[in-house]
Amino acid sequence: MNAIENKKIKFINKIIDGRIYKIATGGIGHIQSIKNIETLNNFVDMTNITINGNFSSIDDPDVSSNYEVAFLTPFGVQIMDDNVENIVDLVPLQEFKEILIAWRDFLLTPPLNGIKI
């Protein structure tokens, strides 16, 4: 079972006031607010570097979204609480990578975000 199935993630296009919005349901809360493809690609690259054992070459391990603070570590992605004092979740590296790629690919699939219908 892959990360998308395991976390019961579903990707949907939602129409609100004649505009199409890309939304994900399920265990993707951390990255759903990241809509910038370049940022997603950068996070994928950083995760690959870490998986390949070169974490020390990453200058800034911050993989936060608009709503959650998160840091890449050699052991996974640490999702922090609202006060950035405690770890509330640790996402395995491979799982994080799969979710990033699936979200990025969904964002790139027509209809694209904000297109009027």
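Give the relative contact order (percent, whole number) for the chain; include only Cα pairs under 8 Å separated by 6+ residues.
Values: 170 pairs, mean separation 34.3, N = 117.
In percent, rounded to a whole number, it is 29.
Near VAL77, the amide H atoms lying under 5 Å from its own belong to VAL91, LEU93; only residues 5 or more places off or on other chains count, and H is placed 1.01 Å from N.
Only one residue of ASN66, LEU108, GLN78 has its Cα farthest out toward the positive end of the dipole of the stretch 64-116, where Lys and Arg carry +1 and Asp and Glu -1 on Cβ, and that residue is LEU108. Taking amide H atoms as placed 1.01 Å from N in the peptide plane, the amide H of GLY27 lies under 5 Å from those of ILE9, each 5 or more residues away in sequence or on another chain. Spacing of the modelled spin labels on TYR67 and ASN6, each 7 Å from Cα toward Cβ, amounts to 2.2 nm.
Against the main long axis of the alpha-carbon atoms of the chain, helix 37-51 sits at an angle near 30°.
Neighbour counts of C-beta atoms inside 10 Å place ARG19, ARG104 in the sequence ARG19, ARG104, starting with the fewest. With θ taken as phi - 60° and the Karplus curve 6.51 cos²θ - 1.76 cosθ + 1.60 applied, the whole-hertz 3J(HN,Hα) list for the stretch 57-62 is 7, 8, 6, 10, x, 6 Hz, x standing for glycine and proline. Enter the angle in degrees (range 0 to 90, nearest 10) between the Cα long axis of helix 93-108 and the first principal axis of the Cα atoms of the chain, meaning the one along which they spread out most. On a 0 to 90 degree scale, this one is about 20.
A short reminder: the numbers here are calculations on the coordinates, not readings from a lab. What you see is a predicted model, and the numbers here were worked out from it, not measured in a lab. Note that we place each Cβ from the backbone using ideal geometry, even for glycine, and neighbour counts take in every protein chain shown.
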